[in-house]
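Novice: Take this structure, written in structure tokens, and hold onto it; I'll ask about it next.
The values are calculated or read from the model by the stated rules, or taken from the named source; none is laboratory data. These numbers come from a predicted model, not from an experiment. As a convention, Cβ positions derive from the backbone with ideal geometry for all residues, glycine included, and neighbour counts pool all protein chains shown.
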Amino acid sequence: MIPAHWAAQGVGVSLTGNLVQDIRQLFAFHFMLNAFRAGTVVAVTAGLLGWFMVLRAQSFAGHTLAVAGFPGAAGATLVGVSPAWGFFVFCGAGAAVIAAVPRARAGTQGAGFSEESAAIGTVQALALGLGFLFVSLYHGFLNGINALLFGTFLGITDAQVGVLVAVAAVIVAALAIGGRQLLFASVDPDVAAARGVPVTALGVAFLLLLGFAAAEASQITGSLLVFALLVVPAATAQRVTARPAASIALSVGIAVAVTWLGLAAAYYSPYPIGFFVTTFGFSLFALAQIATRRTSIRRLEGRLGASIRRLEGRLGAWRRRT
């Protein structure tokens with residue numbers, strides 16, 4: 001059962017100063033157990049699909065699909081059904097519309113690139129317009145709309161966890177079957193197509209899976225901040241290592257870690273979980289940027305030093321001969 005004063009005022013509980021007691025308190029209520037279960041499922045799918053999204057340079061599409069969940073959830077709330085239905089319907093519809101536009105090749109800036117960007121931007125603008133319309137027509141408790149935008153861990157039911165697990169199972173199974181081909185098509189689509197890989201079909205299927213993942217994550221982080229869970233762990237992992245298997249595993253690990261930390265921080269504060277997930281994720285990304293840059297500088301210094309030593313050796317040999 002959710003404490004009434006939390007649901008009414010949106011405030012958390014206080015830390016006791018005893019680490020063991022504070023951790024135990026996180027799991028004292030059934031709704032928090034469901035929040036951690038749902039958050040873990042969402043983080044795994046976001047980490048997996050987000051990694052491919054960043055690799056395929058489709059972050060703009062992912063952001064648009066995240067925004068599409070807002071009018072879906074607001075419209076579902078307006079008509080009196082579960083917001084989860086709105087998330088999945090609108091995110092799936094947005095993915096279908098974007099998939100219908102031929103995708104420009106990575107690095108191009110011509111007509112294909114413009115057409116794709118224009119279509120994605122149009123979907124995003126329409127989603128925002130519909131969202132604000134549904135909000136203006138909604139006359140209920142405004143905090144419910146805030147939860148749709150910025151996330152909440154309150155009121156996650158066993159049924160919702162079951163739906164999230166089912167959707168995640170479909171996504172993981174699809175990636176297990178077509179992940180290698182999707183990786184090939186993402187890295188070098190021309191060669192993949194020449195070898196018989198269905199590049200276009202894989203792109204459409206990926207966008208649909210990405211839409212469902214965005215719908216999943218929106219129920220935890222909210223529509224406006226779901227993009228952080230999709231892109232930040234993946235971008236951080238790809239910054240740390242270029243090996244696909246290690247990078248994917250690290251992306252999932254970071255997504256799970258920031259989700260757990262976000263849930264714990266939101267439990268003990270009056271602020272939405274989406275803020276904490278975004279902040280923790282950005283902090284890890286910044287640390288990865290600093291660490292990899294220092295490593296790159298040390299490698300460059302080492303190479304320059306080796307080159308200088310070789311040049312000095314050759315110069316010394318030339319002087320001895322002369």
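Novice: Provide a single number: the residues in segment 26-61 that are without any contact (Cβ under 8 Å) to a residue 60 or more places away in the chain and either in contact with a helix residue (DSSP H, G or I) (Cβ under 8 Å, 6 or more places away or on another chain) or not in a helix (DSSP H, G or I) (or both).
Specialist: Of the residues in segment 26-61, 4 are without any contact (Cβ under 8 Å) to a residue 60 or more places away in the chain and either in contact with a helix residue (DSSP H, G or I) (Cβ under 8 Å, 6 or more places away or on another chain) or not in a helix (DSSP H, G or I) (or both).
Novice: Find all pairs meeting these conditions: Cβ atoms under 7 angstrom apart; at least six residues apart or on different chains; first residue within segment 83-95 and within 9 Å of Ser218 (Cβ to Cβ) and touching a residue at least 40 places away in the same chain (Cβ under 8 Å); second residue acidic (Asp, Glu) and not in a helix (DSSP H, G or I).
Specialist: Once the first residue is within 9 Å of Ser218 (Cβ to Cβ) and touching a residue at least 40 places away in the same chain (Cβ under 8 Å) and sits in segment 83-95, no partner that is acidic (Asp, Glu) and not in a helix (DSSP H, G or I) comes close enough.
Novice: Can you find, within segment 8-32, the residue that is farthest from Leu261 (Cα to Cα) among those that are at pLDDT below 70, surrounded by 13 or more Cβ atoms within 10 Å (Cβ to Cβ) and not β-branched (Val, Ile, Thr)?
Specialist: Within segment 8-32, the match that is farthest from Leu261 (Cα to Cα) is Gly10.
Novice: At least 2 residues that are modelled with pLDDT under 85 and surrounded by 22 or more Cβ atoms within 10 Å (Cβ to Cβ) in each: list the helices (runs of 4 or more DSSP H) lying fully within segment 164-261 that qualify.
Specialist: 199-221, 226-240
Novice: A follow-up question, please. From the list Ala35, Ala74, Ala46, Ala66, pick out the single residue that is within 20 Å of Ala173 (Cβ to Cβ), small (Gly, Ala, Ser) and buried (at least 24 other Cβ atoms within 10 Å of the Cβ).
Specialist: Result: Ala46 is the single residue among Ala35, Ala74, Ala46, Ala66 that is within 20 Å of Ala173 (Cβ to Cβ), small (Gly, Ala, Ser) and buried (at least 24 other Cβ atoms within 10 Å of the Cβ).
Novice: Test Val232 against the criterion of being within 18 Å of the chain's Cα centre (by Cα), under 18 Å from Val54 (Cα atoms) and of a type in the set (Val, Ile, Thr), and give yes or no.
Specialist: yes
Novice: How many residues are of a type outside the set (Lys, Arg) and part of a helix (DSSP H, G or I) when one looks only at segment 11-25?
Specialist: Count: 6.
Novice: Do the conditions hold for Ala68, that is, is it assigned to a loop (DSSP other than H, G, I, E, B), touching a residue at least 24 places away in the same chain (Cβ under 8 Å) and over 11 Å from the mean Cα position of the chain (by Cα)?
Specialist: No, not satisfied.
Novice: Out of the residues in segment 266-288 that are of a type in the set (A, V, I, L, M) and either under 14 Å from Ile220 (Cα atoms) or in contact with a Cys (Cβ under 7 Å, 6 or more places away or on another chain) (or both), state the one that is surrounded by the most Cβ atoms within 10 Å (Cβ to Cβ).
Specialist: Step by step, filter segment 266-288, then rank; the result is Val277.
Novice: Specify the residue that is modelled with the lowest pLDDT; the eligible residues are those in segment 112-163 that are of a type in the set (Ser, Thr, Tyr) and either surrounded by 15 or more Cβ atoms within 10 Å (Cβ to Cβ) or not in a helix (DSSP H, G or I) (or both).
Specialist: Thr152
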